[in-house]
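Working notes for the structure below.
The values are calculated or read from the model by the stated rules, or taken from the named source; none is laboratory data. Since this is a predicted model, take the numbers as computed values, not measurements. For neighbour counting, all protein chains shown are included, and Cβ atoms are generated from backbone atoms with ideal geometry for every residue, glycine included.
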Amino acid sequence: MTPPNRDLGRRGLLGAGAATAALPLPSGPTQAAVPPQQRPDMTLTLRINGKAHPLTLAPRVTLLDALREHLALIGAKKGCDQGQCGACTVLIDGHRVLSCLTLAATAEGREITTIEGLAGPDGALHPMQQAFLEQDAFQCGYCTPGQILSAIGCVREGHAERPEDIREYMSGNLCRCAAYPNIVAAIEQAKPRMERA
């Protein structure tokens, strides 16, 4: 019997891989063909913008989908749905969170703030919202709710001391219109107002 050739070149390796790929697959049911068992819906209460919202959701529903599809709070946007653009940013217990990567069930018992909950009861804008208006820190507006909430988190985290710090700690929020200089200016304007409030 001839020993196997252990010195397969690149072409030999590719040829062997192609030959293996052409082999027929075994017939009959496989583990992957069996659908996973469905988990029953769960009941939970989310506290959003100071109000309790009882919901019945599948365990795998994200906070973003719960907000948009179940509560009609559409300020948080579904941009990439992969945690890369920041359009879905909300605050949980004052910290910025990507709601597209957060299961709704994990937010139960915590305080969730969306863009809809920033203005005061009399309609007065939050200092960051006012600064975004005054600095013209948006164009199309799609990313703006996430930008504003992330900016509030940036200030509260102590990352708004210098323009370069702001740019670094806001880098997870993309603006396709490239309003970045105005966003930095808005954060610089809002920071002292937030500290006084």
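Considering only the range 132-163, state which residues are loosely packed, with under 15 Cβ neighbours inside 10 Å, under 14 Å from Ala186 (Cβ atoms) and either touching a residue at least 60 places away in the same chain (Cβ under 8 Å) or among the acidic types (Asp, Glu) (or both). Glu134, Asp136 - these are the residues of the range 132-163 that are loosely packed, with under 15 Cβ neighbours inside 10 Å, under 14 Å from Ala186 (Cβ atoms) and either touching a residue at least 60 places away in the same chain (Cβ under 8 Å) or among the acidic types (Asp, Glu) (or both). Quick one: in the range 63-96, of everything that is surrounded by 23 or more Cβ atoms within 10 Å (Cβ to Cβ) and β-branched (Val, Ile, Thr), which residue is nearest to Cys177 (Cα to Cα)? Only one residue tops the list, namely Thr89.
Would you check which residues across the range 166-197 are among the small types (Gly, Ala, Ser) and at pLDDT 95 or above and list them?
To start, the set of residues in the range 166-197 that are among the small types (Gly, Ala, Ser) comprises 171-172, 178-179, 185-186, 190, 197.
If the condition is that a residue be among the small types (Gly, Ala, Ser) and at pLDDT 95 or above, then Ser171, Gly172, Ala178, Ala179, Ala185, Ala186, Ala190 are the ones that fit.
For the range 123-148, a residue qualifies if it is within 16 Å of Ala87 (Cα to Cα) and not aromatic (Phe, Trp, Tyr), and the qualifying residues are Gln129, Ala137, Gln139, Cys140, Gly141, Cys143, Thr144, Pro145, Gly146, Gln147, Ile148.
Scanning the range 101-129 for residues that are surrounded by 16 or more Cβ atoms within 10 Å (Cβ to Cβ) and among the polar types (S, T, N, Q) turns up Thr102, Thr113, Thr114, Gln129. One residue alone among Val155, Val90, Val97 is β-branched (Val, Ile, Thr) and over 19 Å from Asn49 (Cβ atoms), and that residue is Val155. For the range 79-94, a residue qualifies if it is touching a residue at least 60 places away in the same chain (Cβ under 8 Å) and in a strand (DSSP E or B), and the qualifying residues are Thr89, Leu91. Close contacts from the range 175-197, counting a first residue that is within 16 Å of Ser150 (Cβ to Cβ) and a second that is charged (D, E, K, R), with Cβ to Cβ under 6 Å and a gap of 6+ residues or different chains, come to Asn182/Asp136.
Close Cβ contacts (under 7 Å, 6 or more residues apart or on different chains) running from residues in the range 35-56 that are more than 23 Å from Ile115 (Cα to Cα) and outside any loop (DSSP other than H, G, I, E, B) to residues that are among the small types (Gly, Ala, Ser) and modelled with pLDDT of 95 or more comprise Met42/Ala105.
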